[in-house]
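Inspection log for the structure reproduced underneath, given as C-alpha cells.
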Amino acid sequence: MPVGPTDTYPAPARTGIGVPATVSKYITVQQATGTYTLLGDGWDIWLSSDNGSFACLPVTATEGAWSCRVTAIANLTCPHLSQWSKFGIMARANLSDDAPMVTYRVDGGLWQNTEWQARGVAGTTPWGEAGLSLPPVGQSTGTAKLVKPNTQTHKNYLFRPVWLKLARKGLVWTPSLSWDGVHWVQTGTPQPVEMGGCWVGIVACAHNGSFGNKGYTRAVFDHLSFQPTELLQLGDRGTPPKGGSVPAKWATM
C-alpha cells in the first residue's frame with residue numbers, strides 16, 4: 001500500500017484481557033517532570049511469552065518515530081539484575097502473547113548493552129540483533145559500557161542515561177541510540193514486521209524466571225515522545241511482594 005505521513009492503518013485490536021482505563025500503581029507518573037516509573041516482573045518478552053509492565057497508546061500512523069530516555073534501572077526483590085531483563089520501547093500488533101512485535105531496549109547482560117528484536121508472524125521463531133552502544137561521551141571510537149555488573153546489587157545499574165528510538169515507515173522498523181536525544185546512531189538493520197495499527201509504549205520486564213518466577217525490577221523513563229495523559233497501563237499477573245504498595249490485581253498483556 002502507499003505509505004505517507006497522512007496514511008493510517010486500522011486501529012489496533014485489544015486482543016487479550018484488556019487495558020485498565022486508569023493508570024495503576026504499576027506505573028507512577030510525575031506530570032510536572034514527565035517521568036514514568038515502571039514496576040516490572042514477568043518471565044520474558046520472547047517466543048510465546050510476553051510478560052512485564054507496558055505503558056502504551058494506540059497508533060495508526062504508517063510513519064513515525066517514538067523515543068524515550070532510560071535514566072535508572074534497579075532490582076527490588078530480585079537478588080540482582082537478570083542478564084535477560086529488558087527495559088525500553090515496544091510496538092506490538094495486539095496485547096496478547098505471541099503477537100507480531102518489535103522491541104528496542106537495554107538488557108541486563110553486561111556484554112550486550114542494547115538489543116532489539118522483531119517477530120513478524122505470531123508463533124514463529126523470532127530473530128534478535130544486538131546493537132552496540134555509542135562510543136563514550138567525547139570519543140569517536142570504542143564502545144561505552146552501559147550496564148553495571150548484573151551479578152552485584154546496585155541502586156542504579158546504568159552507568160549513564162540512554163535514549164532509545166523506534167522509527168516506522170510502513171512495515172519497516174529501525175532502532176537508533178543517543179546519549180543526548182539530539183545526535184542519533186542507527187544500531188540495527190531495518191526490518192519489516194507485518195502489523196497495521198499497533199500499540200507503542202515503554203516496557204519493563206524482570207525476566208524473573210531467573211529467580212524462580214519471583215522478583216521485581218524498576219525502571220525510570222522520561223523524555224517520552226507520547227502525550228502522558230494518553231498512556232495506558234498493562235502488566236503481567238503476579239503476586240505482589242509482601243508489604244509492598246503494588247496492587248494485588250494485575251492487568252494481563
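Over the Cα atoms of region 27-234, the radius of gyration divided by the Kirkwood radius equals 0.93; this is the Rg/Rh ratio.
Between the beta carbons of E63 and Q152, assuming R0 = 35 Å, the FRET efficiency works out to 0.25 to the nearest 0.05. A crude spin-label estimate for the pair K145 and E129, with each label 7 Å from Cα along the Cβ direction, gives 2.8 nm. Between T8 and H223, residue separation times 0.36 nm minus the direct Cα-Cα distance comes to 74.9 nm.
Bear in mind that the values in this text are calculations on the coordinates, not laboratory data. Since the model is a prediction, treat every value here as computed from it, not as a measurement. Neighbour counts run over all protein chains shown; Cβ positions are idealised from the backbone, glycine included.
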